[in-house]
Amino acid sequence: MNTSDWLMNPMFGIALSVVAYTAAQHIHKRWRWLHPLFVCSGLIICILISFRIPYTAYKVGADLITLLLGPATVALGVPLYKHAGLIKKHITGILIAVTIGSLTGIVSAAALVGLLGGSREILLSMLPKSVSSPIALEISRHLGGLPELTAVLTVLTGLFGSMIGRKLLTWLGWRDSLSIGIAVGTAAHGIGTARLLKDSEEEGSMSGFAMGAAGIITSILFIPVYWWFS
C-alpha cells in the first residue's frame, strides 16, 4: 500500500482524531479552561498543514466519527427527561430568554461584520453561527452564504462559549443552574452543552433544552431575513 492509499484509508482519519483528542484531554487536565475540542482541532489542523495532507484524506475517516453525533445528540434527552419538571415550571421565561438570546446573536453578528467591513457572503455565513451546525448550515445555504465558513464559525462560537461562558456569567452575577444552562445552550449550542454536562447534569439539561429551542426559534427568526436578502 503506497502513501496515497494509506492516507485515503478511513482508519487514518479515525486514528488521527483519537490520538489528537487523547493529547487534548491530557492538556485539558493541566489547563482546565482549554476545551479539549479546541486543542484537538488545532492539533489536527497543524498536522495536516505541516505534512501537507489534503483535508479530503482526513475527511474519509472523520465522516465516520461524525455519524456518532446523531446518537450523542439523542442522548441529551435523558437529562432533559430527568429535569422536565424544572423546565415546565419556568417554560415561559425560558422561551423568552432563548428568543432574546437568539435575536441578540443574529444582530451582534451582523453588527460585527458591518463594523469590520465584511462582504455580503461573510455576513450571510456568520448570521446563523449560534445554533447547532446542521441547522446553521441549512440556514446559511438558503440565505446564499458559504456553508463551509458557517461550519467553522459555528464550531468556534461553541468552543469559545464553552470556555468562557460559565466564567463570564458568574462574573456578571448569574450563578444558578437555570441561568447558566439557558445562556450557554442558546449561545454555544452542543459544544457548550457538552461542557456543562461534565460538571452539572441540571445545567446540561437546561442547556440542551435551550439549544433545541434556539434552533427552532432561530429558524423562524430567519424567515424575514431570508425575504429581505432574496
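The GNM of the chain, with springs linking C-alpha atoms under 10 angstrom apart, assigns the highest mean-square fluctuation among L178, L149, L67 to L67. Cα convex hull, the stretch 129-230: 87 Å³ per residue, rounded to a whole number.
Dipole magnitude for the stretch 100-193: about 200 debye, using +1 per Lys or Arg Cβ and -1 per Asp or Glu Cβ, origin at the Cα centre. Ordering L37, L80, T22 by Cα displacement along the dipole of the stretch 21-88 toward the positive end leaves L80 in first place; charges were set at the Cβ atoms of Lys, Arg (+1) and Asp, Glu (-1).
Would you mind computing the Rg to Rh ratio of the stretch 63-187 from its alpha-carbon coordinates, Kirkwood style for Rh? Could the numbers behind the result be given before it?
Numbers: Rg = 16.0 Å, Rh = 16.0 Å.
On the Cα set of the stretch 63-187, Rg over Rh gives 1.00.
Once all protein chains are placed together, V152 keeps about 80 Å² accessible to a 1.4 angstrom probe.
When averaged across all projection directions, what area in nm² does the alpha-carbon convex hull of the stretch 31-133 cover?
On the way: hull surface 41.6 nm².
Answer in nm², one decimal: 10.4.
Within the straight-line cut-off of under 24 Å between alpha carbons, the lysines reachable from K82 are K198, sequence neighbours fewer than 8 places apart in one chain being disregarded. Heavy-atom accessible area, probed at 1.4 angstrom with all protein chains present, ranks Y21, Y58 as Y21, Y58, highest first. Sequentially through the stretch 88-94, phi angles give Karplus couplings (6.51, -1.76, 1.60; θ = phi - 60°) of 4, 4, 10, 4, 5, x, 5 Hz, Gly and Pro residues having no value and appearing as x.
With a simple spin-label model that places each label point 7 Å from the Cα along the Cα-to-Cβ direction, the separation between S108 and T22 comes to 3.8 nm. Solvent-accessible surface (1.4 Å probe) assigned to K29 amounts to roughly 140 Å². Based on alpha-carbon atoms, the Kirkwood radius and the radius of gyration of the stretch 112-164 give Rg/Rh equal to 0.98.
Rounded to the nearest 20, the Cβ-based charge dipole of the chain about its Cα centre (Lys and Arg +1, Asp and Glu -1) stands at 460 debye. Residues M211, M11, M206 ordered from highest to lowest accessible area at a 1.4 Å probe: M11, M211, M206. Our coupling estimate for the stretch 109-119, obtained by passing each phi through the Karplus curve with A = 6.51, B = -1.76, C = 1.60 and θ = phi - 60°, is 5, 5, 5, 5, 5, x, 5, 8, x, x, 6 Hz, Gly and Pro reported as x.
Distances between placed amide hydrogens fall under 5 Å for L146 paired with S125, all partners being 5 or more residues away or on another chain.
Note on the chain: with neighbouring protein chains present and a 1.4 Å probe, carbon and sulfur make up 72 percent of its accessible heavy-atom surface.
The values are calculated or read from the model by the stated rules, or taken from the named source; none is laboratory data. Everything numeric here is computed off the predicted structure, so don't read it as measured data. No Cβ is skipped: glycine too gets one built from the backbone with ideal geometry, and neighbour counts run over all protein chains shown. What goes into the accessible areas is simple: the full protein's heavy atoms, side chains included, and nothing from ligands, DNA or RNA. Shrake-Rupley method; radii C 1.70, N 1.55, O 1.52, S 1.80 Å.
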